[in-house]
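What follows draws every value from the coordinates through simple rules; no lab data is involved. These figures come from a predicted structure and were not determined experimentally. Ideal geometry is used to build each Cβ from the backbone, glycine not excepted, and the neighbour counts take in all protein chains shown.
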Ligand SMILES: [Zn+2]
């Protein structure tokens with residue numbers, strides 16, 4: 001029996017890739033957006049507002065591998081901008097409200113929308129990275145840096 005491996009260009013044809021279990025992208029992103037572990041759906045991704053847990057408390061899936069970086073604010077700004085700006089322009093064209101009405105309407109709405117979208121977006125991005133075996137979420141990856149916990153505040157020395 002011959003086994004055929006699909007390669008994706010960057011893999012060495014002489015060493016066929018190990019078959020990894022399929023990770024459904026949409027489920028992982030929805031679970032991450034709902035602050036649920038993308039692997040088991042039970043544990044929590046976040047420890048605080050935007051800081052992720054080191055690992056899932058239920059199944060042990062490690063989350064510290066994620067490299068969401070600037071992507072959550074980028075997507076948040078894009079989405080919020082595409083909601084607020086057309087709404088602002090529509091209100092201005094239809095009713096010409098006073099400037100103070102614009103200010104008291106759009107500033108709080110923008111802040112509220114940004115704060116409410118940032119965490120689900122980050123969770124979805126971490127879920128996406130997990131589902132695609134990106135960074136350290138790939139158990140075969142060798143290029144990911146090991147997890148180094150931040151030093152406790154008491155151990156940080158002042159230079160002055
Ligand atoms: Zn889990």
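Quick check: anything in segment 48-55 in contact with a helix residue (DSSP H, G or I) (Cβ under 7 Å, 6 or more places away or on another chain) and surrounded by fewer than 16 Cβ atoms within 10 Å (Cβ to Cβ)? Can you show your working first?
So the first thing to find is which residues in segment 48-55 are in contact with a helix residue (DSSP H, G or I) (Cβ under 7 Å, 6 or more places away or on another chain), and the list is 49-50, 52.
With the extra rule that they be surrounded by fewer than 16 Cβ atoms within 10 Å (Cβ to Cβ), the set shrinks to 49-50.
Yes, because at least one residue in segment 48-55 is in contact with a helix residue (DSSP H, G or I) (Cβ under 7 Å, 6 or more places away or on another chain) and surrounded by fewer than 16 Cβ atoms within 10 Å (Cβ to Cβ).
Please indicate, with yes or no, whether at least one residue in segment 76-98 is within 30 Å of residue 141 (Cα to Cα) and not in a loop (DSSP other than H, G, I, E, B). Step through it out loud before you land on a result.
The initial filter retains those residues of segment 76-98 that are within 30 Å of residue 141 (Cα to Cα), namely 76.
Filter once more, keeping what is not in a loop (DSSP other than H, G, I, E, B): 76.
Yes, the conditions are met somewhere in segment 76-98.
How many residues, within segment 58-80, are within 8 Å of the ligand (Cβ to nearest atom) and exposed (fewer than 14 other Cβ atoms within 10 Å of the Cβ)?
Here is the first cut: in segment 58-80, the residues within 8 Å of the ligand (Cβ to nearest atom) are 58-61.
Among the residues that remain, those that are also exposed (fewer than 14 other Cβ atoms within 10 Å of the Cβ) are: 59-60.
So the answer is 2.
Screening the candidates 38, 29 for the property of being within 16 Å of the ligand (Cβ to nearest atom) and in a loop (DSSP other than H, G, I, E, B) yields one hit, 38.
Scanning segment 123-142 for residues that are within 14 Å of the chain's Cα centre (by Cα) and assigned to a helix (DSSP H, G or I) gives 123, 124, 125, 126, 127, 128, 129, 130, 131, 135, 137.
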